[in-house]
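Colleague: Take this structure, written in structure tokens, and hold onto it; I'll ask about it next.
The values are calculated or read from the model by the stated rules, or taken from the named source; none is laboratory data. Everything numeric here is computed off the predicted structure, so don't read it as measured data. When we count neighbours, we look across all protein chains shown, and the Cβ atoms used for this are built from the backbone with ideal geometry, even at glycine.
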Amino acid sequence: MHELSIAQSILKTVLAESAARQPARATKVGLRIGVMAGIDPQSLTFCFEALVKGTSLEPLELAIEPGRADELEFTYLELEEP
Amino acid sequence: MTRVPMEGKVLNENQLAANGLRAEFDRHGVFVLNLIGSPGCGKTALLERTLETYDPGRRVAVLTGDIQTDADAVRLARFGFPVRQITTAGACHLDARMVRRALEGWDLDAIDLLLLENVGNLVCPTSYDLGEAHKIVLLSVAEGEEKPLKYPGIFFKSSLMALTKIDLLPYVPFQPDIAEANARSVHPDIEIIRLSSALKTGLDGWLKWIERHMSAHV
């Protein structure tokens, strides 16, 4: 059960990326997760949503697609121009 | 809306700490093994058999993890090498920061081989890098042949599977060939050693495995 710390580090990266791309704001972050990565996508999504809820990051969506082996990689960031 | 590509691994806090540990181990020439397996699979017994073969000058140290008690450290300290217990007080795995704290005060230059005995668990330790050179998974014949399929992560990430307690084979329905085929279906390159700590069989292969990988690592 380490999905919470994974969710935290995803948000950290998203925050850094968004700061660099201001005034655009991030609305969706894409991830690729392999079946050997030891990450439960549902649990990760749950943790991610719990962390985002009620903060200025809202609405921010997590999109997970299946990856190879123990892959745990960022794939894309969706941004909205003001 | 625009979509920009983003690359790179998701690094959690543990991974950052583990990267630091690995660099430190490399700098001081410490070869580190992370032993993982279910409670009762024979991690401590294998470490006992290992330490008792080493001569007193051997620069080996052990960190052993459990949720409670220092029972394993007491068992392992009998051999005269530095041993410390990490009690996780509920956590089901060791993490890199626990290892870092437990090393406090030890001179890493005086250690060539560091053996980490993880908390008994086939799941969570899989995801926590401790800066080790290799993960080693122990599977006892008292468990089941299908464990590599049910818990594929640890068999995928381990360099070696030690099939332990083979002295019990006459008394259990366990079929070692099937267990090994299952492990290879998850991880084709996994090395496998059958052993019994109780009868001290197969230990030679285990000790040679350590030496071979240690010299390959330096």
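Colleague: Can you find a residue that is of a type in the set (Lys, Arg) and in contact (Cβ under 8 Å) with a residue 60 or more places away in the chain anywhere in segment B:174-196?
Modeller: No, segment B:174-196 has no match at all.
Colleague: Considering only residues that are modelled with pLDDT of 95 or more, touching a strand residue (DSSP E or B) at 6+ places or on another chain (Cβ under 6 Å) and β-branched (Val, Ile, Thr), which ones fall in segment A:25-61?
Modeller: The answer is A:27, A:29, A:33, A:45.
Colleague: Another question about this same structure. Scan segment A:1-12 residue by residue and report those that are touching a residue at least 24 places away in the same chain (Cβ under 8 Å) and either of a type in the set (Gly, Ala, Ser) or surrounded by fewer than 18 Cβ atoms within 10 Å (Cβ to Cβ) (or both).
Modeller: Answer for segment A:1-12, where residues must be touching a residue at least 24 places away in the same chain (Cβ under 8 Å) and either of a type in the set (Gly, Ala, Ser) or surrounded by fewer than 18 Cβ atoms within 10 Å (Cβ to Cβ) (or both): A:1, A:4, A:7, A:8.
Colleague: Then there's this: So residue B:140 ticks every box in (1) under 22 Å from residue A:72 (Cα atoms); (2) in contact with a Gly (Cβ under 7 Å, 6 or more places away or on another chain); (3) small (Gly, Ala, Ser) but one. Which box is left unticked?
Modeller: For residue B:140, the failing item is (1).
Colleague: Could you list all residues from segment B:38-96 that are touching a residue at least 60 places away in the same chain (Cβ under 8 Å) and at positive phi?
Modeller: Passing the criteria: B:40, B:42.
Colleague: Given the conditions (1) closer than 25 Å to residue B:125 by Cβ; (2) among the aliphatic types (A, V, I, L, M); (3) in contact with a Ser or Thr (Cβ under 9 Å, 6 or more places away or on another chain), and given that residue A:57 satisfies all but one, which numbered condition is not satisfied?
Modeller: Going through the list (1) closer than 25 Å to residue B:125 by Cβ; (2) among the aliphatic types (A, V, I, L, M); (3) in contact with a Ser or Thr (Cβ under 9 Å, 6 or more places away or on another chain), residue A:57 breaks only (1).
Colleague: Could we say that residue B:105 is without any contact (Cβ under 8 Å) to a residue 40 or more places away in the chain and at positive phi here?
Modeller: The answer is yes for residue B:105.
Colleague: Taking segment B:194-211, which residues are surrounded by 18 or more Cβ atoms within 10 Å (Cβ to Cβ) and basic (Lys, Arg)?
Modeller: Within segment B:194-211, just B:194 meets the criteria.
Colleague: List the residue pairs whose Cβ atoms are under 7 Å apart, where the first residue sits in segment A:14-42 and is farther than 14 Å from residue B:8 by Cα, the second is basic (Lys, Arg) and surrounded by 15 or more Cβ atoms within 10 Å (Cβ to Cβ), and the two are 6 or more positions apart or on different chains.
Modeller: Close Cβ pairs satisfying both conditions: A:18/A:25.
Colleague: Let me ask another. Looking only at segment B:9-18, decide whether some residue is within 16 Å of the chain's Cα centre (by Cα) and not in a loop (DSSP other than H, G, I, E, B).
Modeller: The answer is yes, given that some residue of segment B:9-18 is within 16 Å of the chain's Cα centre (by Cα) and not in a loop (DSSP other than H, G, I, E, B).
Colleague: Scan segment B:108-129 for residues that are more than 12 Å from chain A (Cβ to nearest Cβ) and of a type in the set (Val, Ile, Thr) and jot them down.
Modeller: Matches in segment B:108-129: B:111, B:119.
Colleague: Restricting attention to segment B:143-186, which residues are over 19 Å from the mean Cα position of the chain (by Cα) and not in a helix (DSSP H, G or I)?
Modeller: B:144, B:145, B:146, B:172, B:173, B:174, B:175
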